[in-house]
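The next block holds one structure in the form of structure tokens; read it before the comments.
Quick note: the coordinates plus some simple rules give every number you see, no bench work behind them. In this text, all values refer to a predicted model and were calculated from it rather than measured experimentally. Here Cβ is always computed from backbone atoms with ideal geometry, including for glycine, and neighbour counts include all displayed protein chains.
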Ligand SMILES: Cc1cc2nc3c(=O)[nH]c(=O)nc-3n(C[C@H](O)[C@H](O)[C@H](O)COP(=O)(O)O)c2cc1C
């Protein structure tokens, strides 16, 4: 049975969604199912593309990859609010021992990507997940002039290139992260199986 990897993200202007899509490609490359889910910000309409996350998605996933735009060096409030509705799942340990990873998009290179990636990791650690980063065996980590870090996948919207989308290196690193989480989920399932 193929693993189900939940890719849960918030994106107001589409950059974080592009990373989510590249991560989904990586998950599928590893033979797993990519389940894309989102949350709505206050007063915003539902996504016309991806379903709104339900807490039950946490129970049914075999791994989770969480993404947010950088908001003052932190994850967006809409995602934080979602995690604050998950105490029942936390008490039941539905995410314990499942692999996880994080991703972000920001408008500036040193505007808080790493703190945002770490902020995204915190609730996943509280839920008992096994955090996966991007290892330096990925050549893109040495080549990038934008996003991509050992803490997770990312994109920098350089001011002179707004709207041009994620770069080839950022995409490669996001794909690699999706593949890695899916591969580790399968390995963990086969060991516990
Ligand atoms: C309220 C707010 C706070 C932001 N804070 C930061 C920040 O701390 N650092 C930064 O580089 N960009 C910041 N940005 C810019 C977004 O992180 C950036 O535009 C991101 O790529 C948007 O992702 P999206 O297209 O998925 O919505 C902020 C944007 C908003 C609206």
**Asked** For residue 125 and residue 55, FRET efficiency with R0 = 25 Å and r from the beta-carbon atoms, rounded to 0.05?
**Response** 0.85
**Message:** If I build a Gaussian network model for the chain, linking alpha-carbon pairs within less than 10 angstrom, which residue out of 119, 107, 164 has the largest mean-square fluctuation?
**Reply:** 164
**Message:** Quick check on packing: order 134-140, 169-175, 10-16, 99-105 by the mean number of other C-beta atoms within 10 Å, highest mean leading.
**Reply:** 99-105, 169-175, 10-16, 134-140
**Request:** Quote to one decimal, in nm, the extra length available between residue 2 and residue 115 on full extension: 0.36 nm per residue of separation minus the C-alpha distance between them.
**Result:** 37.4 nm
**Item:** Anisotropy class of the chain from Cα gyration tensor, a/c 1.5 cut
**Value:** oblate
**Prompt:** Using alpha-carbon positions, what is the distance between the centroids of segment 69-127 and segment 46-68, in Å?
**Reply:** 13 Å
**Asked** For the chain, modelled as a GNM with alpha-carbon contacts under 10 angstrom, which of 182, 153, 168 fluctuates the most?
**Response** 168
**Message:** Once R0 is set to 45 Å, what does the formula 1/(1 + (r/R0)^6) return for the Cβ-Cβ distance between residue 91 and residue 29, expressed as a FRET efficiency to the nearest 0.05?
**Reply:** 0.80
**Asked** Pick from 91, 19, 79: which is most flexible by mean-square fluctuation in a GNM of the chain where alpha carbon atoms under 10 Å apart are linked?
**Response** 91
**Packing-based exposure ordering (other Cβ within 10 Å, fewest first) of 183, 191** = 191, 183
